[in-house]
Structure formats: structure tokens, C-alpha cells
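The numbers here are math on the coordinates, done by the rules we state, and not lab data. From a predicted model like this one, the values you see are computed outputs, not experimental measurements. Note that we place each Cβ from the backbone using ideal geometry, even for glycine, and neighbour counts take in every protein chain shown.
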Amino acid sequence: MLPSIRPPIRASSSVLSLLTGPAIRTTTSSQATCRLTFQQRTLSQGHNVVDQTPPPNPGSTSAGSGINYNLPPLSFSSHDQHQHSQEDHQQHHHHLPPPPQGFFSRLLHALRTHPVTLLLSSRLQHFDQVLGSPYHRLLSHPFRMLFSTFKLLAFTHLFLEHVLSMAPASGPSMLPTFEVVGEWLVVSRFHKYGNGVKVGDLVVYQIPVSTSGELGVKRIMGMPGDYVLVDTPMAGGGTVEGEVLGDRGGPGEGDEVMIQVCFGLYSW
Amino acid sequence: MAARWGAGIRNGFLGQFSHYLIRYATWIPPLVVFNGWVAEITQIKGPSMYPFFNPHYNESTRRDIVLVSKWYPDRNLKRGMIVTFRNPLNPKGKVVKRVVGIAGDVIRTKAPYPHEYVQVPEGHIWVEGDGDKTKDSNYYGPISACLVTGRVTHILSPWDRFGRVKWWEHNLRPGIKKARHLLE
């Protein structure tokens, strides 16, 4: 059950060839070579990269990855391909180190060598290495690349929706707790839809009268059934004298109204 | 896609089983995201939209299966659209009703709403079920458009009502005074 081998992507893209050096001419015999070598490598203990560890390189930066920067001889003329296939690909061809043992180490390795992760983490020297290796598990296989990117993005989206998310906040309404601009807030999504919130919590909510889906940050003053004092914009600093419901003119011009927080029923 | 990637596939049943299990399980996040943000197939469970959905509610246990579009559903809501939204009294519950009034409309309400006339506030909608037995805006008032999670666009089952939900052909009940919007 061998995968169908397609020629490496870099051979067909001039941009990629700028990154990786001289382009590989893809001929039909190079496909045969790839197939032969792949056969060889899948037979050897199920790894898709050769067991032989590359020599330590002074230029490698990441701890323990042992990435080999020595490029293989790139002459792919049709004559000596089959002869060179077995030895050259094993010894000179630079490749990613085999994925480590253990489930989580392999998962981490898979995530670290995904092209999206390399791009986002600006590890461009690894990117060059990844692009240079035709046996990277994804770059020679565009559908796998597409699907694995989808999966990564979907997982990230779900994480931001259901676990934790981060967003900038601006506005003067929460002084002195938050500055007017430049604050970044981490929002716990476990408390979505008011799950487990209580009086005094800072919450992020969708503004109900907004047509553009704006989010607001405010503090909870009352849960359903609590009585709260609602300031109208012109209210002064009057004191409560034991009256529960009533309008009262204080030193200012407006009224203070005490309402009971309703149980989800509107009273427009 | 049926190819084995070769990265660390073990020999033996347990190794291969867990490899394929994890590979197929990694499709769950994309499917969840698709269901939540692109489109979803769901069942209509109650009689509140009789006779549009579940016209045989009292005769059989078969319920209508519909396609709900989740693509920016709270933008550009129009009167007559059938929407799914979070129940304002219980955020985890999902409700399917028809949009009868949008922001600015004056609605003559039905029982048990306490006021006879209500103007739908900005950013809110008035939803009603087509049937008799329904808990809709006449019970909990206008709802914020932020609560809307999807629009029902197609009926998939049963076969004789298969097709697009033609919400624009629905005639609104009397008692809805449309607001004069600049773009209408």
C-alpha cells in the first residue's frame, strides 16, 4: 500500500527554488528514484526518514534537532540515478530527523514542523530546511497540506471560542480598572453565557443594541432578582434613605431609580 | 488520502488502530467549526412553527430535518426569515421562529405580553412562531439580534417538502407597522 509519489513541489515553483538553491529537474526517472527510496525507507522499521542521524552542525540553532544543512549532490541525470539512489539518498540527502518516540513528542514534532507553525514562529531557517527536504510529510502532498492546515486552524478557532481568548479593549468607562487605550484582556470562555458568574465579576458581553456585534466589558452589579440603583445621566449624589422604589431629586437634576434585575423577561 | 504517511506507524494491531483513530479524530475540530460557523443539519422538534414545520406533529413522531446556514446570520435580517437563536431565558436552549418585526417596527402584541403595542428597539427583532402553541416574543419580548445563531434555508426531509425555504413568500400577520428605513 504505497502512496503515490508526486514530484516535489519545489521543482515546479520558481519562488521555492530561490529559497532552496538549484532546482531539481523532475524527470520520470526521478519519480522512479523517489519510489525506490520510499520503498526502502518504509520497509526499514516503519520510519519514513532514514535512521542514520546527520552529523552535528555548528550552524544548527534549535536544541537537539540536529538539522543538516549540507545539501546533497543535485545531479539527477537519468544514467546514474538508479545506482546512486540507495546510498546517496541515505547518506547525503538532508532530511528532517526522525520523529521522536512517544505520543506527545510525536504530536509536538508534527505541530512544530507544520509549515504554518514555522511561518508563524518566524523560524525561517527551519523553513528552508523543511522546504529543502522533498520528503517532508506535507509539502510534497498538497491535499495533506491543505487538510492539515484546516485542522490546525479549526482547532485554534475552537480553542479561542471555548477555552481562552485575548482581545484589545478601549474606552473610558472602566477607569481606573482599565486604561482608556492599550489594554489587552484575556477572556475565559468557560464562563460563556454567564456560566458561573457572580456580582463583582468583570464580564465581556455582546452589546444588545449594537448592530455591528460589538463587545463590551463591564462589571456585574446584580444577578436576577437583585435590586440595583440605576443612575440616569444627570443624576446627582443623593443618598438612599430606605426607599426601595421611587424617584427622588437629589442635589443634581436627574432621578435615581431602583429596579429589580429581571429574570430574563424584558420590560420595554 | 488513504496513504500511510509513514511517520512512526507501528506494526501490530494496537499501533495501527491508534494511528488511524487519531488521524480520523483530528477531523472533529473542522467538523465542529463547520457545524457552528458554516452550516448545520438539524431537526425541528416542536410544534411552534405549525404548519410550516412538522405539520404532522400530532400524527407521527417524524420531525422535519432542515439545513441551517450559520454564515453571518445576524446581519441583514428581514421580516419573514426563519431563524434559530439562543433562548433569552436559557442560553443553552435553541429556538426556531420566524422574524416578524425588525428594529423600529411597531407591533401589536398578542397574549401574554403585558403591553398592547411595542416598538422594537434598535438592534432587536420580534420573533413569532407560526403555530398557536408557541413561546415567542409575545412571552419574552423583543430579542437582541446578537442571539441569532442561524437561518433555516432548506428543508431536507420529508421528501415532499424538500427544497428551499421561501421565506419571502410568507405573508405577515396584520398588526405589524413597518418602520421607515432609509434603505427600504
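When only Cα pairs below 8 angstrom with a gap of at least 6 residues are kept, chain B shows a relative contact order of 22 percent. Can you give the longest run of chain B that contains no trypsin sites (Lys or Arg not before Pro) sitting in a DSSP loop with at most 15 other Cβ atoms inside 10 Å? Longest gap between qualifying sites, sites excluded: B:11-44.
Put simply, the amide H of B:VAL100, placed in the peptide plane, has neighbours under 5 Å in B:GLY80, B:TRP126, B:VAL127, B:GLU128, leaving out anything fewer than 5 places away on its chain.
As a proxy for reagent exposure, ranking B:HIS170, B:HIS115, B:HIS124 by other Cβ atoms within 10 Å from fewest up yields B:HIS115, B:HIS170, B:HIS124. Working note: Karplus 6.51/-1.76/1.60 with θ = phi - 60° gives region B:11-19 the couplings 7, x, 5, 5, x, 5, 4, 5, 4 Hz, where Gly and Pro are set to x. Centroid-to-centroid, using Cα positions, region A:201-232 and region B:19-64 are 32 Å apart.
Do the alpha carbons of any pairs in B:LYS70/B:LYS177; B:LYS97/B:LYS166; B:LYS70/B:LYS166; B:LYS135/B:LYS166; B:LYS45/B:LYS110; A:LYS218/B:LYS135 sit beyond 20 Å of each other, and which pairs? Beyond 20 Å between Cα atoms: B:LYS70/B:LYS177; B:LYS135/B:LYS166; B:LYS45/B:LYS110; A:LYS218/B:LYS135. Sorted ascending by nearby beta carbons within 10 Å, beginning with the fewest, A:THR156, B:THR42 become A:THR156, B:THR42.
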